[in-house]
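Engineer: I'd like to ask you about the structure that follows.
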Amino acid sequence: MRFEVEFLTPFAISSGRTADGLDHTIDHDTPFPSSTIKGLLRAHALYWLGLNKALVNEVFGTSGRGSDWIFSDVTVRRVDAQPLNHCVEPTVWNRVHVDEHGRAEERALVTGEQCWAASGEFTISWDGRGAPPKRHVLVLRAAARDVVSIGLNRRRGFGWVTICDPEPWTDDDSRALLDLKEES
């Protein structure tokens, strides 16, 4: 399955490392890793779509049993649609904590990198036996379409996205998803 990502704002998925003067850095080679997309889809399936934990574990795996689905990194593209293997135009963002009087608090400046991209794509491939279960495909498609923000500072205007697959979402898809929810 192939999914398209449209980036509506810059995004910042932290690498977990600091650098000179930066509290949060991004991985310039892989700004949107597969582990992030898998975690986002799992969280949306479980918490936002309200699907049963057993079904979510069946699709995404657990610490004791891996998933039969393989998630790729998101390949980001510039406005001219050229694919890149690195962050597009990284820039720096700043945030300061303000006290109750509207003044900046001492030692409260946070600085990080953000990535600018126009679009991207990723794939989710079945690695199990036989054909992939239709209910798994439905869960993955619904969870992907449910994601609207990624990374750090989502409530501050960073990381707004739309994600969709090439197949149109139909009323039958919605009914099947509701049936899955009721089964669990």
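Values quoted throughout were computed directly from the atomic coordinates according to the rules given, and no laboratory measurement underlies them. Worth saying up front: this structure is predicted, and the values here are computed from it rather than measured. All Cβ positions, even for glycine, are placed from backbone atoms using ideal geometry, and neighbour counts span all protein chains on display.
Engineer: Which value, in debye to the nearest 20, describes the size of the charge dipole of the chain about its Cα centre when Lys and Arg Cβ atoms bear +1, Asp and Glu Cβ atoms bear -1, and nothing else is charged?
Structural biologist: On the way: 21 positive and 27 negative charges, 68 e Å.
With only Lys, Arg, Asp and Glu charged at Cβ, the dipole is about 320 debye.
Engineer: Give the range of the longest stretch in the chain that excludes all trypsin sites (Lys or Arg not before Pro) found in loop regions by DSSP and having at most 10 other beta-carbon atoms within 10 Å.
Structural biologist: Segment 130-184 is the longest.
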